[in-house]
Amino acid sequence: MQQFTHQIALQTHGRKLYDITAEVTAWVKNSGLRTGLITLYIQHTSASLLINENYDQDVLVDMEAFFSRLVPDGDPLFIHTIEGPDDMPAHVRSALTQTHLSIPVLNGIVALGQWQGIFLYEHRHVQSQRRILLHLIGA
């Protein structure tokens, strides 16, 4: 059994989904492991990780439209607004999505479905530096 770790640093430019599939899959392929499990973990409370469709960009637009309706910026319900009207909504969005993903590695590749991609979902409008830790274990 072998283990590898890696960190992805990503500069975001406002609220949207950022496709990180290519970087994750290339790193796993270059590791040389044939079978195992890749775990991704984001070290932030106002961004998250998702697996979603990476074929039709309308899916990403629709995801943001849904979350904007579900958790609107500036909602008077929230008292935590230290960093602006998108501060608490970003935390709620993060709680409703995921801070980590685990994906099997089979035959040396990340076992995503045909139309699946891995995304960092930035929940803030401001530019941010985000870190995603990767841990790969297998043989």
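Every number in this text was worked out from the coordinates using simple rules, so none of it is lab data. If you're wondering where the values come from, they're calculated on a predicted model, not measured in any experiment. Cβ placement follows ideal geometry from the backbone for every residue including glycine, while neighbour counts extend to all protein chains displayed.
If R0 is 35 Å, what FRET efficiency do you get for Leu112 and Asp73 from their C-beta distance, rounded to 0.05?
0.65
Rounded to the nearest 20 debye, what is the charge dipole size of the chain about its Cα centre when +1 sits on each Lys and Arg Cβ and -1 on each Asp and Glu Cβ?
Dipole of the chain, to the nearest 20 debye: 560 debye.
Between Asp56 and Ala9, what length comes free when the chain is fully extended (0.36 nm per residue of separation minus the Cα-Cα distance, one decimal in nm)?
14.4 nm
Within the chain, what is the longest stretch that has no chymotrypsin sites (Phe, Trp or Tyr not before Pro) placed in a DSSP loop and near at most 12 other beta-carbon atoms within 10 Å?
The longest such stretch corresponds to 56-114.
Only Cα pairs within less than 10 Å get springs; with that Gaussian network setup on the chain, which residue of Pro104, Pro76, Pro85 has the largest fluctuation?
Pro76
Round to the nearest 10 and give me the degree value, 0 to 90, for the angle of helix 58-70's Cα axis relative to the longest principal axis of the chain.
Taking the Cα atoms of the chain, the angle to 58-70 is about 40 degrees.
Report the one residue of Leu136, Ala26, Gln2 whose Cα lies farthest in the direction of the positive end of the charge dipole of the chain (charges on C-beta: Lys and Arg +1, Asp and Glu -1; origin at the Cα centre).
So the residue furthest toward the plus end is Gln2.
Helix-only mean residue ellipticity at 222 nm, the chain, DSSP H runs n ≥ 4 weighted -39,500 (n - 2.57), per residue, nearest 500. What is it?
Computed ellipticity for the chain at 222 nm equals -7500 deg cm²/dmol.
Loop only by DSSP, 16 or fewer other Cβ within 10 Å of the Cβ. Give me the trypsin sites (Lys or Arg not before Pro) in the range 1-93 that pass, ordered by residue number.
Counting only loop positions with at most 16 other Cβ atoms within 10 Å, the trypsin sites (Lys or Arg not before Pro) in the range 1-93 are Arg34.
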